[in-house]
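Nothing in this text is a laboratory measurement; each read-out follows from the coordinates by a stated rule. These figures come from a predicted structure and were not determined experimentally. Glycine also receives a Cβ, built like all others from the backbone with ideal geometry; neighbour counts cover every protein chain displayed.
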């Protein structure tokens, strides 16, 4: 699904250049659950933005489903994001005075899905993350942090993307709620077959993945299978 060859990203500020990524080379197979782990400033979020087509590399080659995305226009990149990619962020990014169902249907509106199909798809996505039906009409600002994150996951899944990025998804949650959210990701990977790329600075959260890529100072320093996957 993903193949990165010597990906680099350089930010320029006047005459100063900062290398956020240098020589990142790895691949991700369809159906994998991969954690990209590193401390703040390591380059992991820069890498996620490139993989998620939110930014382009300065150098190197990024192939998504065999296609070099550097040759795509902005409109083509947006279409690929809508069709293939879902995002879950630490801050949830839900509309606060909007119902759960409406929040989940928003990507379908942007994707041009007919109104008659939107609610059924949103309901299927909410069931996939085991969000209680009696709360579907609640406003998002009436929910707990864990409930908001599950709605955010459902929103990421509503277009049935083949690839889901989770950027520090437990960062605003207590430990117990974070465990529930990570178990939801693992279930989606194992039962639904979604490819999941988790971005985290926490080793305990990374252990939910089947493989851990560690990045430091813009360089990949290890890429190893996780032989102690958390099953709690």
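Below are the figures for this structure:
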| item | result |
| --- | --- |
| For residue 137: the one exception among (1) over 24 Å from residue 185 (Cβ atoms); (2) without any contact (Cβ under 8 Å) to a residue 24 or more places away in the chain; (3) over 21 Å from the mean Cα position of the chain (by Cα) | (2) |
| Elements of type strands (runs of 3 or more DSSP E) contained in region 181-232, each with 2 or more residues being in contact (Cβ under 8 Å) with a residue 24 or more places away in the chain, under 16 Å from the mean Cα position of the chain (by Cα) and surrounded by 15 or more Cβ atoms within 10 Å (Cβ to Cβ) | 195-200, 211-216 |
| Failed condition for residue 6, given (1) in contact with a helix residue (DSSP H, G or I) (Cβ under 7 Å, 6 or more places away or on another chain); (2) without any contact (Cβ under 8 Å) to a residue 60 or more places away in the chain; (3) part of a strand (DSSP E or B) | (1) |
| Extreme residue, surrounded by the most Cβ atoms within 10 Å (Cβ to Cβ), among residues of region 53-72 that are outside any strand (DSSP E or B), touching a helix residue (DSSP H, G or I) at 6+ places or on another chain (Cβ under 7 Å) and touching a residue at least 40 places away in the same chain (Cβ under 8 Å) | 57 |
